[in-house]
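Notes follow the structure.
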């Protein structure tokens, strides 16, 4: 017999409406999963079912500023990414854009 370790959380239609609104307002998938008590994959499934276009992965303007502030405070790119729910590449792109680190991919030929 299989046991379920955590109780499944089913969202009502109005809760899914709120989730979609929060996503469109810029809330991260990680934050949505925490707020609604569901897995990140479930957040994506709800968004897909509602035909919500996915955002380009990365950081918004305010998040980029926070990433720069954290980097200047000595926090690693990996730790910043974990905190903000994005991968290290998104953090690196924000730091390159801010001129904090050099863009090694733009090498001269």
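None of the figures in this text is laboratory data; all of them are computed from the coordinates on show. Keep in mind the model is a prediction, meaning the values are calculated, not measured. All Cβ positions, glycine included, derive from the backbone under ideal geometry; neighbour counts span all protein chains shown.
Structure summary
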read-out	value
Per-region count, region 17-34, residues touching a helix residue (DSSP H, G or I) at 6+ places or on another chain (Cβ under 7 Å) and surrounded by fewer than 16 Cβ atoms within 10 Å (Cβ to Cβ)	1
Qualifying residue in region 33-55 (condition: on the phi > 0 side of the Ramachandran plot and free of Cβ contacts under 8 Å to residues at least 12 places away in the same chain)	yes
Residue match in region 1-10 (condition: farther than 20 Å from residue 103 by Cβ and surrounded by 12 or more Cβ atoms within 10 Å (Cβ to Cβ))	no
